[in-house]
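A.B. asks: Right, I'll just put the structure down here and ask away after.
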Amino acid sequence: MGRTMPVILVLMVGIAALVLPVFSGDDDNAKNRDECLLITTQCGTSAQSIQDKIDRIKREIAKGTTVYTPEELRALKQALDEVNKTLDFLGSKPPYVDDRR
């Protein structure tokens, strides 16, 4: 558990660096993007639950290629997979050990 979370964090930062969008200021679709999901450094200090993040990512993926490039959609899908893995990891219980022998 000690090494899992830092590895996930490094992966997410790496993904964010790869999907750094380059677009002009007059792009109409830029207004519809959730930049916080693409670039983690712009998120500020807002706290959200894992389920809230899953819901946000799903809403953004649903916007499709009208708002996001195919590369950005792949990054969002990968981010969704990562968050789901984190949720599974946090929700799993350690195996029960009966040491009353």
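Just so it is clear, none of the values below were taken in a lab; they were calculated from the coordinates. Everything numeric here is computed off the predicted structure, so don't read it as measured data. Positions of Cβ are backbone-derived with ideal geometry, glycine not excepted, and every protein chain shown enters the neighbour counts.
A.B. asks: For a protection proxy built on the mean count of beta-carbon atoms within 10 angstrom, sort 59-69, 74-84 highest first, please.
C.D. replies: Ranked from most to least packed, the peptides come out as 74-84, 59-69.
A.B. asks: By how many nm would the segment from Thr69 to Asp55 lengthen if fully extended, with 0.36 nm per residue of separation less the alpha-carbon distance?
C.D. replies: Net length gain for the segment: 3.1 nm.
A.B. asks: Please report Asp34, Asp52 as a ranked list, fewest other C-beta atoms within 10 angstrom at the top and most at the bottom. All intermediate terms of the calculation are to be shown ahead of the outcome.
C.D. replies: Numbers: Asp34 16, Asp52 11.
With the fewest neighbours first, Asp34, Asp52 line up as Asp52, Asp34.
A.B. asks: Let me ask something additional. Take the Cβ-Cβ distance between Ala62 and Ile8 as r, set R0 to 30 Å, and report the resulting FRET efficiency rounded to the nearest 0.05.
C.D. replies: 0.80
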